[in-house]
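K.L.:
Input: one structure, supplied below.
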Amino acid sequence: MAENKGDITSGYLEGHLLIAMPSMRDSRFARAVIYICAHSADGAMGLVTNKLLGATTFPDLLEQLGLPETEPRRDIRVHFGGPVEVGRGFVLHDTSYRRDGTMVMDNGIALTATIDILQEIAAGGGPQSNILALGYAGWGPGQLESEIQDNAWLHVTPDAQLLFNEDIDSMWDRAVAKIGIDVNMLSETAGRA
């Protein structure tokens, strides 16, 4: 029987958002919201969606890659996708854009990690709803499941309004609210019940 990775009953969280608990000790993931792009028995991979890279801009990135930027220029922010392979770029986007190399998830979200998508965005095209990220968050086999059991993460199904909203500063609060949890009731201490 084929496993349904996007179905939470399978135990895998592909296509879901991870929400860091207030007790998160790793400062790179404090108040992080991570879109899980892949999750299986072999591990998990996701992109932090609510943290920007302070010094890197889209024009800087295009210049580093030797790509021309044309007018009209779109204001694309560069996100901190995670601490793994920080020189590698990913674009999380809606499924209106599909090319060779695009990985489409069951929930209408897609991931493309080719230079072609950057060229199209630089030319004013590409997907309108997108998150450009450098690096990713990765977990080995069973690691994410263990962290969830240790109360490091909550999870929720995303929607386009939550995921692609320009107001990334309130994304963590909005993601927690989508679950229906009062943030003030969350413990700052990790542990198991």
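Taken together, the values in this text are just the output of simple stated rules run on the coordinates, not laboratory data. Keep in mind that this is a model prediction, so the values were computed, not measured. Quick reminder, even Gly has a Cβ in these numbers, built from the backbone with ideal geometry, and neighbours come from all protein chains shown.
K.L.:
If you take the C-alpha gyration tensor of the stretch 13-183, multiply each eigenvalue by 5 and take the square root, what semi-axes do you get, largest first, in whole Å?
P.N.:
27, 16, 16
K.L.:
So, one more: 7 Å from Cα along Cα→Cβ at both E85 and E63: what's the point-to-point distance in nm?
P.N.:
According to this spin-label approximation, the distance is 2.6 nm.
K.L.:
A further question follows. So what's the back-of-envelope 222 nm ellipticity for the chain, counting only DSSP H runs of four-plus at -39500 (n - 2.57) apiece and dividing by all residues, rounded to 500?
P.N.:
When only DSSP H runs of four or more count, the value is -4500 deg cm²/dmol.
K.L.:
With an 8 Å cut-off on Cα pairs and a minimum separation of 6 or more residues, tell me the relative contact order of the stretch 13-183 in percent.
P.N.:
Over the stretch 13-183, the number comes to 29 percent.
K.L.:
What's the extension gain from R28 to L52 if we count 0.36 nm per residue and subtract their Cα-Cα distance?
P.N.:
Difference between extended and current length: 7.5 nm.
K.L.:
For D173 and D150, what is the calculated FRET efficiency with R₀ set at 35 Å and r taken between the beta-carbons, to the nearest 0.05?
P.N.:
0.95
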